[in-house]
Amino acid sequence: MSLLSGSSERAFNAENWGYPPHNSASFQQVQQLGPTIRLSRGSDSFTPFSQNVTSVSGITYPGLDGESRTVQQMLDDTYTDAFLVTKDGVLLAEEYRNGMGADSHHLLNSVSKSFLGMLVGVLAAEGKLDPNEKLVTYISEFAETAFQKTTIQQALDMTAAVSFGEDYDDRQAKFWQETAIVGWRPALVDEHLPKTLFEFACGLKDTEQLDGEHFHYRTVLTNVVAMAVERATNQSVAKLAEEKIWQPLGPEQDAVVSVDSSGFPYFGAGMNACARDLARFGEMLARNGHYNGKQIVPENWVEDTVRGNDEAREHFAAGAYAGLIPDGHYRNQVWADSAQGHLICIGIHGQTIYVNQGTGVVVVKLSTHPVSADVPLYVDTFAAMSAITMSV
């Protein structure tokens, strides 16, 4: 297969783009892998961040081995592409590596999910859909699928029944089959692979647990929520995300989202954006949905996201990612620590928006970890970010 982009060892093609060292180039050029659409920033001028340059590189925190580490060490050791810190709307620190700049797009992977989760909160407040309703209420075709008894809220919280393999090391996993539909894994495309994300979801018949039984992270659940949004509103979920989330943030750049052959957006993992605009989203979460002079997401939705409940914490503690955020939970497509007041949007290969509501500090980090879900790298990164939010 011919090269799509890059030079020397960073050159990537449709087969190797997700693996090191090629992802150091490809994560900034996902538009070359398959069809995409833009979430327009709109015609309004944006308000630049005011700046108060503050050195954070010397901030220390306890490493996994108990030894003291610095933020600089974390940045150097965790394949950083972009790093940004804001507090109460003021830009304190900003650094780009690996050819990135302030206007560069970067793949967000599952940070994308959090944008959809906040959109659902907006639509619920408008009476456009009810998170406690079953998906099948809006999507009749799901009556004979694994989603027949699943509520929107259960899908948002990753406690649904559907069997869906998301072992990133298994290149034949259902997760990768789904990404093949948006052009990310052409080797998995054959006559049996559904042509659209909707057809793919309709083909999922098997269950692995009861709905609401426990937390199990599965990207397909984000995509079926996006489908329910379209059916409930009779509008494009991409256009809704653009009008109700993206443009109200007053972003500097358009966002880019991978889509399937029908133009349906892959909000499970397919957004791309610049770091400054991710900081704006984080600032909005830090302020319980208020940013840029407006209440973008209902305050009670963001409060519910960070607060969670005992059941959500029990579900999370029993899951595979319990070590990632001790005493944490997953709610409305966001990872959270209610005791600390922290909200974390996470994507594989090291994408993070870290929000400390108590201090008003937001940390954005975009990366190209060699391994999809390297838990020690995340734990180290989060420890550094927590220290930053408590120190600046």
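The values are calculated or read from the model by the stated rules, or taken from the named source; none is laboratory data. Given the structure is predicted, the values throughout are model-derived calculations rather than measurements. In this analysis, Cβ positions are derived from the backbone assuming ideal geometry, glycine residues included, and neighbour counts consider all displayed protein chains.
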TODO: Identify the residue in segment 138-152 that is in a helix (DSSP H, G or I) and touching a residue at least 40 places away in the same chain (Cβ under 8 Å) and, among all such residues, is surrounded by the fewest Cβ atoms within 10 Å (Cβ to Cβ).
DONE: GLU144
TODO: Among what's in segment 333-360 and is under 15 Å from ASP310 (Cα atoms) and either among the β-branched types (Val, Ile, Thr) or buried (at least 24 other Cβ atoms within 10 Å of the Cβ) (or both), pick the residue that is farthest from the chain's Cα centre (by Cα).
DONE: ALA336
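Go through segment 84-104 and give me each residue that's within 13 Å of THR54 (Cβ to Cβ) and out of contact with any Pro (no Cβ under 9 Å at 6 or more places or on another chain).
LEU84, VAL85, THR86, LYS87, ASP88, VAL90, LEU92, ALA93, GLU94, GLU95
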TODO: Have a look at ALA102, ALA82 and point out the one that is surrounded by 18 or more Cβ atoms within 10 Å (Cβ to Cβ) and in contact (Cβ under 8 Å) with a residue 24 or more places away in the chain.
DONE: ALA82
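For every residue, the table says whether it meets (1) of a type outside the set (A, V, I, L, M, F, W, C); (2) surrounded by fewer than 20 Cβ atoms within 10 Å (Cβ to Cβ).
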{"position": "VAL182", "(1), (2)": "no, no"}
{"position": "LEU197", "(1), (2)": "no, no"}
{"position": "GLY203", "(1), (2)": "yes, yes"}
{"position": "ASP206", "(1), (2)": "yes, yes"}
{"position": "LEU210", "(1), (2)": "no, yes"}
Open item on the list: Just checking, does segment 42-54 include any residue being surrounded by 14 or more Cβ atoms within 10 Å (Cβ to Cβ), of a type in the set (A, V, I, L, M) and on the phi < 0 side of the Ramachandran plot?
Closed with: no
Task: Residue tally, condition touching a Cys at 6+ places or on another chain (Cβ under 9 Å) and among the acidic types (Asp, Glu), over segment 77-136 - done: 1
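Table: residues versus (1) more than 18 Å from VAL361 (Cβ to Cβ); (2) more than 25 Å from the chain's Cα centre (by Cα); (3) touching a residue at least 12 places away in the same chain (Cβ under 8 Å).
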{"position": "PHE12", "(1), (2), (3)": "yes, no, yes"}
{"position": "GLN28", "(1), (2), (3)": "yes, no, yes"}
{"position": "ASN52", "(1), (2), (3)": "no, yes, yes"}
{"position": "SER55", "(1), (2), (3)": "no, yes, yes"}
{"position": "PRO62", "(1), (2), (3)": "yes, yes, yes"}
{"position": "SER114", "(1), (2), (3)": "no, no, yes"}
- [ ] Return the pairs, sorted by first residue and then second, in which the second residue is among the charged types (D, E, K, R) and surrounded by fewer than 24 Cβ atoms within 10 Å (Cβ to Cβ), the first residue lies in segment 268-284 and is closer than 26 Å to ILE181 by Cα, the beta carbons are less than 8 Å apart, and the residues are 6+ apart or on different chains.
- [x] CYS274/ASP103; CYS274/GLU252
Task: Subset tally (residues that are more than 18 Å from the chain's Cα centre (by Cα) and either surrounded by 15 or more Cβ atoms within 10 Å (Cβ to Cβ) or at pLDDT 95 or above (or both)) for segment 305-315 - done: 5
- [ ] Tell me which residues, restricted to segment 154-181, are charged (D, E, K, R) and in contact with a strand residue (DSSP E or B) (Cβ under 9 Å, 6 or more places away or on another chain).
- [x] ASP157
Open item on the list: I'd like the full set of residues that are of a type outside the set (D, E, K, R), touching a strand residue (DSSP E or B) at 6+ places or on another chain (Cβ under 6 Å) and part of a loop (DSSP other than H, G, I, E, B), limited to segment 79-103.
Closed with: TYR79, ASN98, MET100
Open item on the list: Looking only at segment 224-267, how many residues end up being in contact with a strand residue (DSSP E or B) (Cβ under 9 Å, 6 or more places away or on another chain), surrounded by fewer than 23 Cβ atoms within 10 Å (Cβ to Cβ) and part of a loop (DSSP other than H, G, I, E, B)?
Closed with: 5
TODO: Could you check VAL375 against (1) at pLDDT 95 or above; (2) surrounded by fewer than 18 Cβ atoms within 10 Å (Cβ to Cβ); (3) farther than 18 Å from SER114 by Cα and say which number it fails?
DONE: (1)
Open item on the list: Condition first: farther than 18 Å from PHE267 by Cβ, surrounded by 16 or more Cβ atoms within 10 Å (Cβ to Cβ) and not acidic (Asp, Glu). Can you find one or more residues in segment 108-122 that meet it?
Closed with: no
Task: Subset of segment 206-223 (residues that are in a loop (DSSP other than H, G, I, E, B) and either modelled with pLDDT under 95 or not basic (Lys, Arg) (or both)) - done: ASP206, GLU208, GLN209, LEU210, ASP211, GLY212, GLU213, HIS214, PHE215, HIS216, TYR217, THR219
TODO: Please work out if LYS149 is at pLDDT 95 or above, farther than 30 Å from SER372 by Cα and not aliphatic (A, V, I, L, M).
DONE: yes
